[in-house]
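J.: Next up is a structure, given as structure tokens.
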Amino acid sequence: MRILAVDPGSKHIGLAISDQTGTIANPLQVILHVSRPVDAAAVAELAKSTQAGEIVVGQSLDEAGVPTFEGRRSQRFAEAVKLQTDIPVVLWDEAFTTQAARAARRRMGATRRKRGGHLDDLAATVLLQDYLDYGRPKD
């Protein structure tokens, strides 16, 4: 089963998709944030077109495990996606995904100039791989 991961942001929304076996995460694309309903509809349509069986939305939590301001925005976004599709939507802690994406870009040998810009699709990939490795219920 394919799983779609969403790294929602205030400007961009990073998306990643797993392989058919739900083992390996790959960057998919970045969409520009328009509004919660429009973004949710776009994510739901993308999940349908990629035949995803589950949608994972990244949520930032503080040290006590309580959603931060951005984490509460992610919760509202996940609820909006649930209104657009019958595909299950789950929230997953996105702690350090952007830092991990930045580090991965460095390890890939990207020059400092090419490391600039958004990392949203890579952050979604890190989020999804973390979910696949540690959070997804095992069959």
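Please treat every number below as a calculation from the coordinates, not as lab data. As the structure is a computational prediction, the values presented were derived from the model and not from experiment. Positions of Cβ are generated from backbone atoms using ideal geometry, with glycine treated the same way; all protein chains shown enter the neighbour counts.
J.: With θ set to phi - 60° and the Karplus curve 6.51 cos²θ - 1.76 cosθ + 1.60, what are the ³J(HN,Hα) couplings of segment 26-41 in order, to the nearest whole Hz, using x for Gly and Pro?
T.: Each residue of segment 26-41 in turn: 9, x, 10, 5, 10, 10, 7, 5, 10, 7, 4, x, 5, 4, 4, 5 Hz.
J.: Whole-Hz ³J(HN,Hα) for each residue in segment 78-83, computed from phi via Karplus 6.51 cos²θ - 1.76 cosθ + 1.60 with θ = phi - 60°, x for glycine and proline: what do you get?
T.: Per-residue couplings from phi come out as 4, 5, 5, 5, 4, 6 Hz.
J.: Rounded to the nearest 0.05, what FRET efficiency do residue 64 and residue 19 give with R0 = 25 Å and r taken as the Cβ-Cβ distance? Could you check?
T.: According to the calculation, E is roughly 0.10.
J.: Expressed in nm to one decimal, what extension gain is obtained for the pair residue 2 and residue 83 from 0.36 nm per residue of sequence separation less their Cα-Cα distance?
T.: Answer, rounded to one decimal: 27.1 nm.
J.: Enumerate the amide H contacts of residue 59 below 5 Å, restricted to partners 5 or more residues apart or on another chain; note that Pro and chain-start residues carry no placed amide H.
T.: For residue 59, whose amide H was placed from the backbone, the distant partners under 5 Å are 92, 93, 94.
J.: Can you give the extra length, in nm with one decimal, that the chain gains between residue 134 and residue 50 once fully stretched, where that is 0.36 nm per residue apart less the Cα-Cα distance?
T.: Using 0.36 nm per residue and subtracting the Cα-Cα distance, I get 27.9 nm.
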